[in-house]
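Read through the structure below, which is laid out as C-alpha cells, and then see the notes.
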Amino acid sequence: MRYSLLADAYQKIEATTKRLEMTDHLVDLLKKTPPEIIDKVVYLTQGKLYPDFTGIEIGVAEKLAMRAVAKATGRSEKAIHEELGKTGDLGGTTQKFLKSKLQVQLSHELLTVEMVFDTLDKMAKSTGAGSMEQKISYLAGLLANASPKEAKYIVRTVTGALRLGIADMTVLDALAIAYGGGKEAREPLERAYNISSDLGRVAKTVVEKGLESVKKFQVSIGEPVRPMLAERLGSPEEILEKLGGKCVAEFKYDGERIQAHKKGNKVILFSRRLENITEQYPDAAELFRKYTKAKDAIIEAEVVAINSDTGEMKPFQELMHRRRKYGIQKAIEDYPVSLFIFDALYADEKDLTLKPYPIRHKALERIIQPSEHVRVAENLIVKNLEELERFFEKAVENGCEGLICKSINPDSVYQAGARGWLWIKYKRDYKSEMTDTIDLVVVGAFHGRGKRGGTYGALLLAAYNPEEDTFETVTKCGTGFTDKDLAKLPKMMKKHETLHKSSRVNSTLEADVWFEPKVVIEVIGAEITLSPIHTCAMDAIRKGSGLAIRFPRFTGNFRLDKAAEDATNTKEIARMYKGQLKKVIEQ
Ligand code: ATP
C-alpha cells in the first residue's frame, strides 16, 4: 500500500473538525487498506507503532529530527530553525523546503506503508551507543524518498506531533462501518477493545475473521484490560437504592491501582493508565507471584504504602517516592507496600469479565493466599443504612478514603473501560483537619515487628473524660518516634504496666500491653474522624460513634509536666472535630 494514500487521508482528516466527516475519511482509508496491514494503518493514524501498553515509542526529539530534515532538504539547520520558529511545525517546514528543492531526485523510490512502518520500527528499537546517528540516517533515508506531503506526515509522526484528533472511539466507529456491517457493530468492537486495549488487533480480527470472532474476544494475559470505574453518589441512601437495597461494600484504599497479569512465574503490572509499571514495583510483582495460587491470572489490586513497623497504611502521597527509575531497591526498603486485591478478571483458565461480581470474588478468594502484605480488600455485605455507615467509618478510620459499593446482582459484570452504576464510590464530604497538637495518655501498647522487635510498634492513646474520670481511646500511634525514643519507651513504661486493662480505661481494642494512665505525650494528626472503634466522645457527634485521630505522629515531646488528668479532654476533641469541618472540594 502506498504511503501517499495515508498522507492524502491525513490531509482530509486534518481539514475537518467534524467527527462524522472524520469518520467517513477514515472509513475510506480502512477500506483501501489490505487486510494484512490494517493493524499497522490503525496504529499509524494514531501516531503509534504499537498499542500504548507495549511502551514502544518512536520518540525522536525535534532537534534530532531537524538534522535529518537538513540532510534531506539540503538546507542548513539554522534555516530550518528559523522557519520552525515562525510556524512551530517541523512537518510543515519539511514540506515547504522539500517543495522548493529544485532538483527532484531522479531515483525516487515509491514509499509504501510497510516501508515507512518498518523503518520507524527500527528507529524505535535502536538503542545504545550510536543510536542517535542511526535514527537520523533512517529518517533522512525515508525523507529522501518522500514527496513533500508524505515528508510532512512522517516528520510529524516521528516527533509525536501527528495529532489528527482521531479518538479510539472514532476508529471503532469507522471499523464498524467499514467491516462490521454498520454502526451496530460498534458495541462488540468496543468491548473487544476494552478487554484488549489493542485497536490494531481488534481491527485485524474483524477484517480477517469477521464480527463473530470479535464477539468471542477474551481477555488475554499480557494485554491490559481497560479499568472499570466507579460512579459517585453523595448519600448512602441513594447508593443502597441504586444498588437494589443491598450491595457489597469494600474499603476504598488510598493507593495506586494495579492490574497484575500472571503467567506461570512471570508477572506484569499495569497502571490505571495501562502503562507497564513492573519495574517500579518489583516487590509487588513478587508478592503477586508468591501469593496467587492460580498458575495464570489477571487480578486487580490497590497498592498502598505502609508503615512496616506498625502495619498501618500511609497516605497516597507516600507512593510518589516509588515513581522513579533509579534507586528502586532503596525506595522499596524506605517505602514498603501492601496489596489489597479487589477483583479477578481471569483465573482457572477462564475469562471472568462477564461473570457477576460474587462469582469473580469467590474466584479471587480461592486463588489468593492471604499473607502479611497481601489481602483481599476488606468487604461486607450491607443491607441497611446503619451497616453501611458503620463500615464507612471503619474504612475512614483505617486510613481509607471511604467505600466502593458494588452491585452483587446477576448483571454485575466487569464493565471494562466504563464508568457505570455497578460500582459507586462513597467518599466524605467533610474533612476535619487538625491544626493543633494535643496531649494524649498512653494506655496500652502493641508489640513491634521487624526493626521494632523488642520494643513497641504502636501506642494506644486516650483522651481524658473529666465527667466520668475515664480515659477514652482515640488513636494508635506508631509514627514520629526516634530510635532513641523507642529504646527508652519499654523501660519508661514498665513501671506502669498492668496485667489487665485499667478500670479507668475505656477501650474496645485489645492492646498487647496495658498501662496505668500516667504518661502523657504530644501528638499531631492529619484529621479527626468518626470512628466505630474508638471510644473518645462516644455518641457526642453521632449515636454509636466515637472520634479518632487519623495519621497521628508523636511530636517528640513527652509531657512529663502533665498529669494524665491534664491531657486533652474528650469534649475538646469533639469541639475540634466540629470546628474544623471543611468541605472536601476535590474529586
Ligand atoms: P476515577 O473514578 O476516575 O478512577 P480516581 O482515580 O480519583 O477517579 P476514584 O474515583 O476516587 O479514583 O476511585 C476509584 C479508584 O479507587 C479505583 O480506580 C481504584 O484505584 C481505587 N480503589 C481502592 N479500593 C478499591 C476497591 N476496593 N475496589 C475498587 N477500586 C478501589
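Key figures
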read-out: Charged-residue dipole, Cβ positions (Lys, Arg, Asp, Glu), the range 236-352 about Cα centre, Debye nearest 20; value: 540 debye
read-out: Carbon + sulfur, % of accessible area of the chain - ligands and nucleic acids excluded, 1.4 Å; value: 50 percent
read-out: Accessible-area ranking of ASP198, ASP118, ASP52, largest first, probe 1.4 Å; value: ASP52, ASP118, ASP198
read-out: Overall form of the range 229-431 per C-alpha gyration tensor (a/c, 1.5; a/b vs b/c); value: oblate
read-out: Given charges at beta-carbon only (K, R positive; D, E negative), |dipole| of the chain in Debye; value: 1440 debye
read-out: Given charges at Cβ of Lys, Arg, Asp, Glu: the range 229-431 dipole, positive-most of VAL413, PRO236, SER308; value: VAL413
read-out: For the range 296-310, Karplus couplings with θ = phi - 60° (6.51, -1.76, 1.60), whole Hz, Gly/Pro x; value: 10, 6, 10, 10, 10, 8, 9, 9, 10, 6, 10, 8, 5, 6, 10
read-out: Charge dipole magnitude, Cβ of K and R +1, D and E -1 - the range 487-542, Cα centre, debye nearest 20; value: 300 debye
read-out: Order of exposure, largest accessible area first, which applies to GLU36, GLU187, GLU275 with probe 1.4 Å; value: GLU187, GLU36, GLU275
read-out: Debye intensity ratio I(q)/I(0), log10, the range 438-586, q values 0.19 Å⁻¹ (C-alpha model); value: -1.13
read-out: Cβ-derived FRET efficiency at R0 41 Å, GLU433 paired with SER213, nearest 0.05; value: 0.15
read-out: HN-Hα J in Hz across the range 519-524 - Karplus 6.51, -1.76, 1.60, θ = phi - 60°, x for Gly and Pro; value: 8, 10, 10, 9, 9, 10
read-out: Prolate/oblate/rounded call for the range 100-194, Cα gyration tensor, a/c under 1.5 rounded; value: prolate
read-out: 1.4 Å probe accessible area per residue over the chain, in Å²; value: 46 Å²
read-out: Cross-link table LYS183/LYS215; LYS314/LYS355; LYS18/LYS99, entries beyond 22 Å C-alpha to C-alpha; value: LYS314/LYS355; LYS18/LYS99
read-out: For TYR193, solvent-accessible area (1.4 Å; no DNA, RNA or ligand), Å²; value: 20 Å²
read-out: P(r) tail fraction, the range 293-348 - alpha-carbon pairs more than 19 Å apart, %; value: 41 percent
read-out: Listed residues PHE551, ALA537, THR568: farthest to the positive end of the dipole of the range 438-586 (Cβ charges); value: PHE551
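The values are calculated or read from the model by the stated rules, or taken from the named source; none is laboratory data. Worth saying up front: this structure is predicted, and the values here are computed from it rather than measured. Cβ atoms come from the backbone with ideal geometry, glycine included; neighbour counts cover every protein chain shown. To get the accessible areas, we keep the full protein, side chains included, count just its heavy atoms, and leave off ligands, DNA and RNA. Shrake-Rupley method; radii C 1.70, N 1.55, O 1.52, S 1.80 Å.
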